[in-house]
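Novice: I am attaching a structure below and will ask some questions about it afterwards.
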Amino acid sequence: MATYHLTFDNSAKEKIVPKLTDNKRLLLTFEDGVGAFSQHAMLHMQTQFTVNIVAADAVTDGYNTQVTSNLGTVLVKDYSVSDLQHEMTLRLNQHQNTLQLTGEGGMIDDNVGFIDFTDPTSLKNNPAR
């Protein structure tokens, strides 16, 4: 079975860690319109992902593959790994204040959303989508 690893760089950690308490967990959502945490189906030919924070007890049906990371386990939809790479980095583009997901083969998504589903204001304040 293939393994996947995601490294959050220091600037991405500064954005995410303050919201990631012990009673929450991370998802990396492929934005295809499937599931409770996907915001929309793709309308154009671009891979789109969103980093989600959800409650530890949230129902995450469909998120059945684990990606290891320096922030703990990140759950993904099993079929979304075809758009991922084995070694990935999530970094903050300081100039545009957006998250970028790259892998050993280059850019995966240059405008990754970030939504804390435990915070009711997070969805409307998500500039990436």
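Novice: I need the full set of residues from the range 68-105 which are farther than 19 Å from Ser11 by Cα and of a type outside the set (Val, Ile, Thr), in order please.
Specialist: Passing the criteria: Leu75, Lys77, Asp78, Tyr79, Ser80, Ser82, Asp83, Leu84, Gln85, His86, Glu104, Gly105.
Novice: Let me ask you something else. How do the pairs read when you match residues in the range 11-33 that are within 20 Å of Gln66 (Cβ to Cβ) with residues anywhere that are assigned to a helix (DSSP H, G or I), using Cβ under 7 Å and keeping only pairs 6 or more apart or on different chains?
Specialist: Phe30/Ser80; Phe30/Asp83
Novice: Given the structure, is Thr29 hydroxyl-bearing (Ser, Thr, Tyr), at pLDDT below 90, within 14 Å of Gly113 (Cα to Cα) and open to solvent by less than 50 Å² (accessible area, probe 1.4 Å)?
Specialist: So Thr29 does not fit the description; no.
Novice: Is there any pair linking a residue in the range 95-119 that is over 19 Å from Phe37 (Cβ atoms) to one that is of a type in the set (D, E, K, R) and assigned to a strand (DSSP E or B), with Cβ under 6 Å and at least six apart or on different chains, and which?
Specialist: Matching pairs, first to second residue: Gln100/Arg91; Gln100/Asp110; Glu104/Glu87.
Novice: Right, something else. Do you know which residues across the range 74-98 are assigned to a loop (DSSP other than H, G, I, E, B) and either open to solvent by 70 Å² or more (accessible area, probe 1.4 Å) or touching a Pro at 6+ places or on another chain (Cβ under 8 Å) (or both)?
Specialist: Correct list: His86, Gln94, His95, Gln96, Asn97.
The values are calculated or read from the model by the stated rules, or taken from the named source; none is laboratory data. For clarity, every value in this text was computed on a predicted model and none was experimentally measured. In this analysis, Cβ positions are derived from the backbone assuming ideal geometry, glycine residues included, and neighbour counts consider all displayed protein chains. Side chains included, ligands, DNA and RNA excluded: accessible areas come from the protein's heavy atoms. Shrake-Rupley method; radii C 1.70, N 1.55, O 1.52, S 1.80 Å.
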